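**Student:** Pasting in a structure now, in structure tokens, and then I'll have a few things to ask.
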Amino acid sequence: MLKIVGYPDRYSVAPGETIAFHISLEEGSSFDARLVRVVNGDSNPAGPGLDLPHFPSPVDGTYPGQPRRADAGSYVRVNPFPALGGSFSFRALIWPTLLARPEQVLATQWDAERQAGFALLIQDGRLTLKLADGGGGTHACHLEARLIDRKWYAISFSLDPAAGTWRLNQRALLEHAGIVDSASKQGGLACQLPSIEAPLVLAGMPAVDGTVGLHFNGKMVAPAFFSGLHAADALEAAALGAVPAILANATIAAYDFSKDIRSVRVSDIGPNRLHGEIVNLPARGMKGPNWTGLHHTWQAAPTEYGAIHFHEDDLYDAGWPADLSWTLPKDAKSGAYALHLKCGETDAEAMRETYIPFFVRPPRAARDRVNRPKVAFLAPTASYMAYANHGEHITVRGVERMMGRLLHFGHQDVYLYEHPELCHSLYDKHADGSGVCYSSRLRPNINCAPRYHSWLGGDGSSLYQYNADTHLFGWLAHHEIEYDIITDEDLHRDGYELIRDYQVILTGSHPEYHSTPMWDAMKAWLDRGGRLMYLGGNGWYWRIAFHDELPGVIEVRRAEDGIRSWEAEPGEYYHSFTGEYGGLWRRCGRAPNSIVGIGFIAQGFDVSSPYLRGPDADDPRASFIFKGVTEDIIGDFGLIGGGAAGIELDCINPLLGSPPNILRLASSIDHSPLMLLVNEEFTATLPNLGGDQNDRVHADLAFVETAAGGAIFATGSIAWCGSLPWNNYDNNVSTITLNTLRRFMSDEPFTPPA
Amino acid sequence: MAYRIDPKTDRQFVEEFRRNPVGRHSPGLMRVLNTLRHDPTGSQIVLFCRKPFAEWQIAHMPADRAEPLVFEDSPVFTDRDEAEWEVFRRRWRAATGQDINLPLRGHGLPLDDDETG
């Protein structure tokens, strides 16, 4: 088991800035901390070995620590909210999705210290109203009719303290023969509701320790409070239609979730303007029961998107205090770093150390970016975030079949298993079965670290994403290449200006997720003569969005196509963060082939394959690439699956935008039956999807010059970088990559073919 | 599961797996593995790595994540493929009632009923 975890407050920090670290110590009372450079995070004895040299800094030292937990679960908080005195009514539309949970609070104004207030909840599947007066007096009543998952209900209650009565109501918006799930009931109060000073909370219950629990899983539309007693049908009618004057004049607060969808704000459209905020990013831009299907974006028909989908396992910011920080010197060198934390000796029973990676970027101000290297590595931090705490090996059965071997669990995976409150990656589903569309870096990212060996990486080193990219760091260090590191978030925020002056940009092994600003910046750079070495596979695949107000969080909508571990509901394909159509870039008219020459064709996670040199390798335009390489077989070795072509593959496809002047230098061969054609590549299911039976399943090693004198070198394989360190970096994959990098770094222009 | 393992006709794939637990497999072995690797109870055998590239234990992940992982204290494998072979043999026995009394390394599996228990 892992005994220490943490996260930084940013993945990218500039010279002169401060980066803070938030740490949970699971054993003992103190830990040692130091900074390291990250050269190679792979423990595999078949490779060069771990290389994480100490980087002396003021951070070095021993610090007190303590266990910390994340308070997962999304809700709405309205603070302040007036004390509810006298008679009042509440209504909302709800779509419960996890009624197996015994207690889920829909709405409450609750003083946890005094144990006083009211709570409308679902208890054992029944709509329930509870009151407590803070002096030991309590009242609880419920409807007998059980709610049913994924059905819409109009719910309401009214309280009349003066008369000492209550009324509770639920009506299924869709009736089913023989199913009784609508009900109404009224009776006498067993205690009075005291006047309390406490926030209004929707979809959760405040606890004495300051956390919020008992979260509602499901959608909610139009929650509202009204003074006085009102008939259930009137309350319900006003939820989605015009508000009659009698209700309008009685409105205490009426929340319209279709407003401010891009924001954390929750708008009260009543006269009191008791606006609230969402906490832990419940899903917005969600359709309500009145969705017609005529419009598919909340921008075209906002009133049809008045739902927020709450989950007990949403988490934006773990919110741990900062335990230590590092203020970078003004001359801090750009590169890959990590905070190394240690709380004892690691043995077979426990891992008592961890590495929290971060990148030092070039200075933020353009005027300070002088004498930069010609080369930049674009750290795919958006992809690292997308995969943060990727838990399909825990939550999905059948993954072993895809991996072709037993599921690998390291100490870090055991920790992840035991701490579901750290929440999910964009590949996971919530506990209620809905897809996870937001992922934040403000929480421990267990699988993004040196020394993490993944259940998902290819056989051998089993690295994926961050740690797989350290193979490239090691190779660059071995060849003493000077380079800067910029991250996806930097590119998103700073745009083309950040990369304008670099002659060469290197990608990581799997740069899969790109926002529109990231895409546009890279395309502008390429169209102005940039030289890109795309050293991975399945890049530029998913469109993502960053939030306007919240740093460090991305959104994806698994829309109509592509390899998807979950599917967005119909009508919910548009980002709530930006309003853009989400899903594959390919379905936005920007297939990866149109920016980097090649695009996704197959995936398989067991063993990798070599490339067979193609006829274009001898084209004079490409002769520099194969200088010194006489073999026909390229990359029949490697730390990721034993070959250079593996995990996820890209190939040339002119129909998707691969340029007509692109050279196919080599193509991979001899793939495993588990290397499967991706589903956007067929319209009817084929019997021969595996690489052992389908010639389309292959990677293309490609090169193309651009009209502006730049060029693109594309490997078409996630496993490519895993072959670089083989035989102490002396191999034909390494030679080809180095030949290309040297040529790309030279000032000699590329001359497009005549 | 559509396919049921036939211990007689599928025996050939036992030897194929033993020779190469992880790698390119024939369609016949793929069908056997896809069958064996399915547990309708939702329980999942996983391979816990105690020491990277050195020591592994078999562990059981229950269907309900609220339940703890269960670790087998022994054996501790020092070869990942030995663990693959152990789990394969257990699953084969569960599916066919037959033991495979052969080590991972060594002589092959004869196509003789008497050699399996």
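The values are calculated or read from the model by the stated rules, or taken from the named source; none is laboratory data. Everything quoted here is computed from the prediction, not taken from an experiment. Heads up, the Cβs are rebuilt from the backbone with ideal geometry, glycines too, and the neighbour counts pull from every protein chain shown. These accessible areas exclude ligands, DNA and RNA; they are computed on the full protein's heavy atoms, side chains included. Shrake-Rupley method; radii C 1.70, N 1.55, O 1.52, S 1.80 Å.
**Student:** Using a 1.4 Å probe, how large is the accessible area of residue A:750, given in Å² and rounded to the nearest 10?
**Tutor:** So the heavy atoms of residue A:750 present about 10 Å² to solvent.
**Student:** log₁₀ I(q)/I(0) of region A:589-711 at q = 0.13, 0.20 Å⁻¹, via Debye over equal Cα point scatterers, no solvent, to two decimals?
**Tutor:** Taken in order of the listed q values, log10 I(q)/I(0) reads -0.53, -1.14.
**Student:** Here is a further query. For region A:75-310, what is one quarter of the convex hull surface built on the Cα atoms, given in nm²? Display every interim value, and only then the final one.
**Tutor:** On the way: hull surface 49.0 nm².
Mean projected area of the Cα convex hull: 12.3 nm².
**Student:** Using a 1.4 angstrom probe on the protein heavy atoms only, could you order A:219, A:523, A:259 from most to least accessible area?
**Tutor:** Values: A:219 5, A:523 65, A:259 95 Å².
The residues order as A:259, A:523, A:219, largest area first.
**Student:** Can you compute the FRET efficiency between residue A:242 and residue A:560 using 1/(1 + (r/R0)^6), with r the Cβ-Cβ distance and R0 = 41 Å? Round to the nearest 0.05.
**Tutor:** Between residue A:242 and residue A:560 the formula returns 0.70.
**Student:** Between A:199, A:505, A:660, whose Cα lies farthest towards the positive end of the dipole of the protein assembly as shown when Lys and Arg beta carbons carry +1 and Asp and Glu beta carbons carry -1, centred on the Cα centre?
**Tutor:** A:199
**Student:** In square angstrom, rounded to the nearest 10, how much accessible surface does residue A:397 have for a 1.4 Å probe?
**Tutor:** Accessible area of residue A:397: about 80 Å².
**Student:** How well do other chains shield peptide B:17-30, expressed as the mean number of their Cβ atoms within 10 Å of each residue Cβ? Don't skip to the answer; put the middle values down first.
**Tutor:** Values: counts 0, 0, 0, 1, 3, 11, 9, 13, 7, 2, 4, 0, 1, 7.
That average works out to 4.
**Student:** Using the heavy atoms of the protein chains and a 1.4 angstrom probe, tell me the accessible area per residue for chain A in square angstrom.
**Tutor:** Details: 24900 Å² over 754 residues.
For chain A, the per-residue accessible area is 33 Å².
**Student:** Express in whole angstrom the spacing between the alpha-carbon centres of region A:42-113 and region A:477-514.
**Tutor:** 32 Å
**Student:** A follow-up question, please. Considering only protein heavy atoms, what per residue accessible area in square angstrom results for region B:11-96 with a 1.4 angstrom probe?
**Tutor:** On the way: 3800 Å² over 86 residues.
With all protein chains present, region B:11-96 gives 44 Å² per residue.
**Student:** What ³J(HN,Hα) values, in whole Hz, does the Karplus curve 6.51 cos²θ - 1.76 cosθ + 1.60 give for region A:626-638 when θ = phi - 60°, with x put for Gly and Pro?
**Tutor:** 9, 4, x, 10, 9, 6, 7, 8, 10, x, 8, 6, x
**Student:** Lysines within cross-link reach of residue A:185: Cα-Cα under 18 Å, excluding same-chain residues under 8 positions apart?
**Tutor:** A:130
**Student:** Which sequence of A:309, A:478 reflects their accessible areas, 1.4 Å probe, from the largest down? Could you put the intermediate results ahead of the total?
**Tutor:** Details: A:309 10, A:478 85 Å².
Ranked from most to least accessible, the order is A:478, A:309.
**Student:** Nothing charged except the Cβ atoms of Lys and Arg (+1) and of Asp and Glu (-1): what's the magnitude of the dipole of region A:75-310 about its Cα centre? Round to the nearest 20 debye. The partial results should precede the final answer.
**Tutor:** Details: 19 positive and 19 negative charges, 89 e Å.
Dipole size: approximately 420 debye.
**Student:** Then there is this: With a 1.4 Å probe, what is the total accessible area buried between chains A and B, in Å² rounded to the nearest 100? Spell out each step's value before the answer.
**Tutor:** On the way: alone 26460 and 7610 Å², together 30950 Å².
Summed over both sides, the interface buries about 3100 Å².
**Student:** Find the Rg to Rh ratio for region B:11-96, where Rh is the Kirkwood radius over alpha-carbon pairs and Rg uses the same atoms.
**Tutor:** Numbers: Rg = 13.6 Å, Rh = 13.9 Å.
Ratio value, two decimals: 0.98.
**Student:** Another question, if that's okay. How far apart, in nm, are two points set 7 Å out from the Cα along the Cα-to-Cβ line at residue A:493 and at residue A:140?
**Tutor:** Label at residue A:493, label at residue A:140, 4.9 nm between them.
**Student:** Among the lysines, which fall within straight-line cross-link reach of residue A:374, defined as a Cα-Cα distance under 18 Å, with same-chain neighbours fewer than 8 residues apart omitted?
**Tutor:** A:333
**Student:** Starting from 0.36 nm per residue, how many nanometres of slack lie between residue A:396 and residue A:46 once their C-alpha separation is accounted for?
**Tutor:** Values: separation 350, 0.36 × 350 = 126.00 nm, distance 3.08 nm.
Length difference between fully extended and current span is 122.9 nm.
**Student:** As an exercise, use a Förster radius of 35 Å and the Cβ-Cβ distance of residue A:524 and residue A:696 to find the FRET efficiency, rounded to the nearest 0.05.
**Tutor:** Working: r = 32 Å, r/R0 = 0.91.
FRET efficiency, residue A:524 to residue A:696: 0.65.
**Student:** At a Förster radius of 60 Å, what calculated FRET efficiency corresponds to the Cβ-Cβ distance of residue A:300 and residue A:371, to the nearest 0.05?
**Tutor:** Computed FRET efficiency for residue A:300 and residue A:371 comes out at 0.75.
**Student:** In region B:58-79, which residues become less accessible by 30 Å² or more once every protein chain is in place, relative to the chain on its own, using a 1.4 Å probe?
**Tutor:** B:61, B:65, B:69
**Student:** Just counting partner chain Cβ atoms within 10 Å, what average do the residues of peptide B:31-39 show around their Cβ?
**Tutor:** Details: counts 0, 0, 5, 3, 1, 2, 10, 4, 3.
Averaged over the peptide's residues, the number is 3.
**Student:** Treating cross-link reach as a plain straight distance, find the lysines whose alpha-carbon is under 23 Å from the alpha-carbon of residue B:51, omitting any fewer than eight places away in the same chain.
**Tutor:** A:3, A:342
**Student:** Heavy-atom accessible area of residue A:745 with all protein chains present, probe 1.4 Å, nearest 10 Å²?
**Tutor:** My reading of the accessible area for residue A:745 is about 40 Å².
**Student:** Given charges of +1 on the Cβ of Lys and Arg and -1 on the Cβ of Asp and Glu, with all other atoms neutral, how large is the dipole of chain A about its Cα centre, in debye to the nearest 20?
**Tutor:** On the way: 61 positive and 88 negative charges, 268 e Å.
In total the dipole reaches around 1280 debye.
**Student:** May I pose another question? Relative contact order for chain B using alpha-carbon pairs under 8 Å, separation at least 6, rounded to a whole percent? Intermediate values should be presented prior to the final figure.
**Tutor:** Numbers: 134 pairs, mean separation 26.9, N = 117.
It comes to 23 percent, rounded to a whole number.
**Student:** Also, quick follow-up: Given C-alpha coordinates of region A:192-232, what is the ratio Rg to Rh with the Kirkwood estimate of Rh? List each step's numbers first, then the result.
**Tutor:** Details: Rg = 13.2 Å, Rh = 13.0 Å.
Rg/Rh for region A:192-232 comes to 1.02.
**Student:** Taking Cα pairs under 8 Å and at least six residues apart, what relative contact order does region A:434-562 come out at, in percent? Intermediate values should be presented prior to the final figure.
**Tutor:** Details: 150 pairs, mean separation 32.7, N = 129.
Reported as a whole number, the value is 25 percent.
**Student:** Can you compute the charge dipole magnitude of region A:546-602 about its Cα centre, using +1 on each Lys and Arg Cβ and -1 on each Asp and Glu Cβ, nothing else charged? Give it in debye, rounded to the nearest 20. It would help to have the intermediate numbers written out before the result.
**Tutor:** Details: 6 positive and 9 negative charges, 73 e Å.
It comes to approximately 360 debye.
**Student:** Could you work out how far apart the two model spin labels at residue B:99 and residue B:78 are, taking each label as a point 7 Å from the Cα in the direction of the beta carbon, and quote it in nm?
**Tutor:** Reported label-point gap for residue B:99 and residue B:78 is 2.5 nm.
**Student:** Taking a quarter of the surface of the convex hull around the Cα atoms of the protein assembly as shown, what do you get in nm²?
**Tutor:** On the way: hull surface 156.8 nm².
Taking the Cα atoms of the protein assembly as shown, their convex hull projects to 39.2 nm² on average.
**Student:** To continue, here is another question. Multiply the residue gap between residue A:272 and residue A:742 by 0.36 nm, knock off their C-alpha separation, and tell me the result in nm, one decimal place. It would help to have the intermediate numbers written out before the result.
**Tutor:** Working: separation 470, 0.36 × 470 = 169.20 nm, distance 6.59 nm.
That works out to 162.6 nm of additional length.
**Student:** Residues of A:389-398, mean number of Cβ from any other protein chain within 10 Å of their own Cβ, rounded to a whole number?
**Tutor:** So the per-residue partner count for this stretch is 3.
**Student:** Report the one residue of A:422, A:434, A:250 whose Cα lies farthest in the direction of the positive end of the charge dipole of chain A (charges on C-beta: Lys and Arg +1, Asp and Glu -1; origin at the Cα centre).
**Tutor:** Among A:422, A:434, A:250, the one farthest towards the positive end of the dipole of chain A is A:250.
**Student:** Also, quick follow-up: So, with a 1.4 angstrom probe, what is the percent of accessible area on region B:11-96 that is carbon and sulfur? Don't skip to the answer; put the middle values down first.
**Tutor:** Values: 1890 of 3800 Å².
Heavy-atom surface of region B:11-96 belonging to carbon and sulfur, 1.4 Å probe: 50 percent.
**Student:** Still on this structure, I have one more. With a cut-off of 8 Å between alpha carbons and a minimum separation of six or more residues, what is the relative contact order of chain A in percent?
**Tutor:** Numbers: 2101 pairs, mean separation 101.5, N = 754.
Reported as a whole number, the value is 13 percent.
**Student:** Further, regarding this structure: Would you calculate a helix-derived [θ] at 222 nm for chain A, using -39,500 (n - 2.57) for each DSSP H run of n ≥ 4 and dividing by the full residue count, to the nearest 500? It would help to have the intermediate numbers written out before the result.
**Tutor:** Numbers: 14 runs with 98 residues, N = 754.
The helix contribution divided over chain A gives -3000 deg cm²/dmol.
**Student:** Give the long-range amide H neighbours of residue A:602: residues separated by 5 or more places, or on another chain, with amide H under 5 Å away, using H modelled in the peptide plane at 1.01 Å from N.
**Tutor:** Close amide H contacts, sequence-distant or interchain: A:649, A:678.
**Student:** From the protein chains alone at 1.4 Å, what is the descending order of accessible area for A:429, B:8, largest first? Could you put the intermediate results ahead of the total?
**Tutor:** Values: A:429 100, B:8 135 Å².
Per-residue accessible area, sorted high to low, gives B:8, A:429.
**Student:** Considering amide H positions built from the backbone, and no H for Pro or chain starts, which residues 5 or more places from residue A:2, or on another chain, come under 5 Å of its amide H?
**Tutor:** Long-range HN contacts for residue A:2: A:351, A:415.
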